[in-house]
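Here's the structure we're looking at; comments come further down.
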Amino acid sequence: MIERAELELRGGCSTLTGETGAGKTLMVAALGLLLGGRSDRALVRQGAPEALIEGRFVVPSGHGAARVLAAHGIEEETSEGEIEIVVTRTVAGDGKGGRARVNGRLVTVAVLGELGAHLVEIAGQHESQGVGAPARQRALLDAFAGTSALASKLADAVGEAKRVRANLDALASSERERERELDLLRYEISEITKAELSEGEFARLAADADRLEHAESIALALGRAIEALDGERGAAETIGAALGEVSAAAEKDPALAEVTMRLEAASLEIADIRSDLGRGLVAPDPQALEETRARLDVIARLTRKYGDDEETAADARSPEERVLGYLDRARKRVDELENAESSLGDLRAELDRLLDNAERLGEELTAIRTEAAPRLARALEEKLRELALPAARFEVALKPRELFEGGMETIEFRVAANPGESVRPVAKVASGGELSRIALGLHLLTSRRFEGEGSARTMVFDEVDAGVGGQAAQSVGRALADLARASGAQVLLVTHLPQVAAFADHHYRVLKESTNERATALVERVTGPERLDELSRMLAGMPESRRAREHAKELLETASAR
């Protein structure tokens with residue numbers, strides 16, 4: 001029915017009215033989609049490819065909705081201490097598509113639901129949000145009891161304990177693997193340490209092995225060289241003879257003195273070379289060769305085991321240096337794993353401390369909730385009598401359970417709306433109108449007591465006028481207006497009753513028009529004479545009726561005098 005509609009709600013209490021079937025329910029359904037409600041392609045206008053719903057919300061910084069944005073990494077649009085949140089959702093006409101975005105970022109429907117719980121509360125026959133939700137019931141009881149801050153502190157304490165427990169479980173589950181790794185590392189460290197490697201050892205041993213392996217051929221070559229230097233007519237003898245001749249000639253020709261000195265130097269150099277060659281003569285030593293090769297094998301084996309990992313594969317250092325590098329890393333890893341054992345003990349101690357603190361907070365919260373629960377029940381029964389549920393009985397049941405973020409008990413609101421009925425959970429037995437009035441009563445009792453900025457900024461009451469009339473209807477209207485004024489939240493009321501609508505600060509009307517054989521719903525704000533017309537229509541079905549208009553004017557005057 002709706003081709004295009006825009007509704008900009010103002011502060012205070014607003015009402016949405018219109019003929020039955022005009023499309024009021026569609027407006028609430030559209031809002032529900034923005035809050036994570038289930039989509040239905042039947043909501044898409046016939047012939048249109050998709051339905052588009054977009055909502056803009058403004059909340060103060062520090063609001064619960066801002067924490068949801070931060071938790072999901074969604075960028076905030078801030079201005080003068082306020083955060084703007086734009087939620088968009090599409091529903092495809094073929095039922096196969098549909099997307100949701102928050103501040104332009106794609107999100108899941110679950111994220112919409114999480115965010116919507118902090119933005120809007122809808123009380124109505126077909127809505128899952130509101131007083132039927134366990135978390136909301138806890139929040140309302142805490143608001144009434146003045147324990148919202150304590151409940152928040154408990155939730156933080158339990159959350160921190162869960163985080164530490166998760167870390168502890170992760171460490172404990174890897175304990176066996178840690179011990180295996182420690183055993184292996186200790187064996188490897190022992191093996192490398194016993195080898196007593198030294199830097200430069202491999203190159204030195206490789207040279208020694210080569211020399212020992214060729215000792216015989218080296219000795220033969222050196223022997224021949226010594227013979228060439230020292231033998232008959234060898235280099236030493238030849239240079240010595242030359243030195244003698246030149247020395248004698250130099251006595252007669254001083255210019256030969258330099259040549260004489262050079263021959264003397266050559267003779268001394270040959271003598272040194274002869275001495276070095278003599279020292280280089282080594283007899284073959286099979287045992288020394290075997291020992292050297294064995295040591296090289298040890299280094300090669302250790303290099304294959306420890307010098308070829310990812311961190312050393314491209315290392316240009318010598319084999320023993322790569323093995324020694326692995327030894328350093330292994331020792332550091334052992335230190336880390338041994339420190340993990342002490343970390344395990346620290347985490348256990350921290351978890352015990354956090355759990356003790358959480359249990360202390362939980363016990364304190366339980367005591368206050370237990371005392372406040374019957375007071376809330378009595379206060380709400382009185383409030384429901386003012387809202388045309390005179391026989392309603394209300395209970396707040398607390399059932400002990402294991403400590404969790406919400407406390408040490410589950411909280412359940414139970415109601416019997418009519419005489420002779422047994423109390424049952426609110427979400428299961430209350431009709432749409434009853435649920436709306438129960439929600440209204442609870443909000444009236446708690447709106448001045450909410451601590452912090454986590455509660456919903458917009459409240460929608462659908463079918464709140466079911467089964468209500470006369471003076472009770474005026475009480476409902478007055479209560480809704482008081483709620484908006486006391487809580488500072490936006491209150492939107494969908495109603496058929498003029499006695500209720502008259503108390504709203506702002507009035508919106510849904511009209512259904514037919515053009516080109518198609519029905520179209522429009523939403524418009526009505527003020528002044530137009531509002532009198534709408535209230536007259538609601539009173540008598542005749543906007544032009546003089547008596548109806550007088551009655552409507554009287555209703556507005558009564559409402560404005562509150």
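For the range 176-339, the Kirkwood radius over C-alpha pairs fed into Stokes-Einstein at 25 °C and 0.890 mPa s yields D = 118 µm² per second. Rounded to the nearest 10 degrees, the inclination of helix 148-173 to the longest alpha-carbon principal axis of the chain is 30 degrees. The charge dipole of the chain, taken about its Cα centre with unit charges on the Cβ atoms of Lys, Arg (+1), Asp and Glu (-1) only, comes to about 5000 debye.
Using only side-chain charges placed at the Cβ, +1 for Lys and Arg and -1 for Asp and Glu, the dipole size of the range 176-339 relative to its Cα centre rounds to 340 debye. Phi angles across the range 68-84 convert, under the Karplus curve 6.51 cos²θ - 1.76 cosθ + 1.60 with θ = phi - 60°, into 3J(HN,Hα) values of 5, 4, 5, 5, 9, x, 8, 5, 9, 9, 10, 7, 6, x, 10, 10, 9 Hz, Gly and Pro given as x. Placing dummy labels 7 Å off each Cα toward the beta-carbon, the span from SER61 to GLU8 is 2.6 nm. Working note: Karplus 6.51/-1.76/1.60 with θ = phi - 60° gives the range 290-307 the couplings 5, 5, 5, 5, 4, 5, 4, 5, 4, 5, 5, 5, 5, 5, 4, 7, 10, x Hz, where Gly and Pro are set to x. By the helix-only formula, in which each DSSP H run with n ≥ 4 contributes -39500 (n - 2.57) and the sum is divided by residues, the chain has a 222 nm mean residue ellipticity of -19000 deg cm²/dmol. DSSP bridge analysis restricted to the chain gives an antiparallel fraction near 70%, rounded to the nearest 5. Scaling against 2.2 N^0.38 Å puts the C-alpha radius of gyration of the range 7-165 at 1.17. Under 24 Å of direct C-alpha separation, and excluding same-chain neighbours fewer than eight residues apart, LYS399 reaches these lysines: LYS153, LYS162, LYS428. By the equivalent-ellipsoid construction on the alpha carbon gyration tensor, the range 1-71 comes out with semi-axes of 26, 18, 10 Å, ordered largest to smallest.
Listed by chain and number, the aspartates and glutamates whose alpha-carbon sits under 17 Å from that of LYS305, ignoring those within fewer than 8 places in the same chain, are GLU181, ASP183, GLU188, GLU191, GLU196, ASP297, ASP315, GLU320, GLU321, ASP328.
Modelled spin-label separation between PHE404 and ALA70, with each label point placed 7 Å from Cα along the Cα-to-Cβ direction: 2.5 nm. Say the dipole of the chain comes from +1 at the beta carbon of Lys and Arg and -1 at that of Asp and Glu; which of ALA479, ALA300, VAL246 then lies farthest toward its positive end? The listed residue farthest towards the positive side: ALA479.
Site pair MET261 and ASN167 shows an inter-label distance of 8.1 nm when each label is modelled 7 Å from Cα along Cα→Cβ.
Over all pairs of different C-alpha atoms in the chain, the reciprocal of the mean inverse distance, the Kirkwood hydrodynamic radius, equals 32.2 Å. Since only ALA206, LEU277, LEU182 are under comparison, the one whose Cα sits farthest along the positive direction of the charge dipole of the range 176-339, derived from C-beta charges on Lys, Arg, Asp and Glu, is LEU182. If the chain linking SER152 and SER217 were pulled fully straight, counting 0.36 nm for each residue of separation and taking away their Cα-Cα distance, it would gain 14.4 nm.
A Förster distance of 60 Å, applied to the separation of the beta-carbon atoms of ARG186 and LEU43, puts the FRET efficiency at 0.35. When only alpha carbons of the range 255-386 are considered, Rg and Dmax amount to 42.1, 141 Å. Remark: the GLU371-ASP210 segment gains 48.5 nm on full extension, using 0.36 nm per residue and subtracting the alpha carbon distance. Taking a straight Cα-Cα cut-off under 17 Å and skipping sequence neighbours fewer than 8 places away in the same chain, the aspartates and glutamates within cross-link reach of LYS96 are ASP40, GLU50.
3J(HN,Hα) along the range 490-507: 7, 10, 10, 10, 9, 9, 10, 9, x, 4, 7, 4, 5, 7, 6, 6, 9, 10 Hz, from the Karplus curve 6.51 cos²θ - 1.76 cosθ + 1.60 with θ = phi - 60°, whole Hz, x for Gly and Pro.
Computed from the coordinates by the stated procedures, all read-outs in this text should not be read as laboratory data. Model, not experiment: these values are computed from the prediction. Positions of Cβ are backbone-derived with ideal geometry, glycine not excepted, and every protein chain shown enters the neighbour counts.
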